[in-house]
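A.B. asks: Dropping the structure in here first, questions after.
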Amino acid sequence: MSVLSDGGFLWYLNRSTGLVALLLMTLTVVLGVVVRRRGRLPGLARYGVVGLHRNVSLVSTVLLVVHVASAVVDGYVSIGWLDTVVPFVAGYESLWVGLGTLAVDVLLVVVATSLLRGRLPVRAWRAVHLTSYALWPLAFAHGLGAGTDLGSGWLLAGALACAAAVAAATGVAVADRLRSRSALDRAPAALAQARAALATGRPAAASRNR
């Protein structure tokens, strides 16, 4: 009862939802790379991986909403509802809270466009979805600067492990994108060579060298 009366419940709720949301956002990034590579997980088909990615993302969004709402309702520090959508105007740790607000804004845009995916051009949806890679570092920096939970001990070790997982997943995603871009850059030359071969009746250079 004392935990509820002295505001301790909201404090614990705020901290726990923030930590679990960071963990789930890490899993969302990793699963997103698996989905992009059309990969599979043990015991799950490809569509199962897509569904898991979507559901984990939605749960992390719900936890983030609870995290933000509990910080405002608690009133222990000067954070208002406006501060949850407009960055860098909070009366408490404006920089670090502002980074968290930016993370919230990015997440809201990504979730909204994902829900409207069927009505958006694929390129537009993909361009917006790529901004989700900025979400994790913003949330991570917010957690380090705005609170004390990630400053030391096993929570810091866990946060660094999450950072390593996100860095590895991002590296894989960037490498895949560079390979795809390289293939697209080579496509016009290959097409021109094939057209020239058809026009002259000669096999393409790649075919002669086989």
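A.B. asks: Sorted from largest down, give the three principal axis spans of the alpha carbons of the range 2-149, whole angstrom values.
C.D. replies: 48, 32, 24
A.B. asks: Here is a follow-up. May I ask you to derive the FRET efficiency for V77 and A127 from their Cβ-Cβ distance with R0 = 30 Å, giving the value to the nearest 0.05?
C.D. replies: My answer for the efficiency is 0.25.
A.B. asks: Then there's this: Along the Cα→Cβ direction, 7 angstrom out, place labels at S94 and R36. What is the inter-label distance in nm?
C.D. replies: Between S94 and R36, the simple spin-label model gives 3.5 nm.
Since every read-out is calculated from the coordinates, none of them should be taken as a lab result. The structure displayed is predicted, hence computed values, not measured ones. Cβ coordinates were reconstructed from backbone atoms using ideal geometry, including for glycine residues, and neighbour counts include every protein chain displayed.
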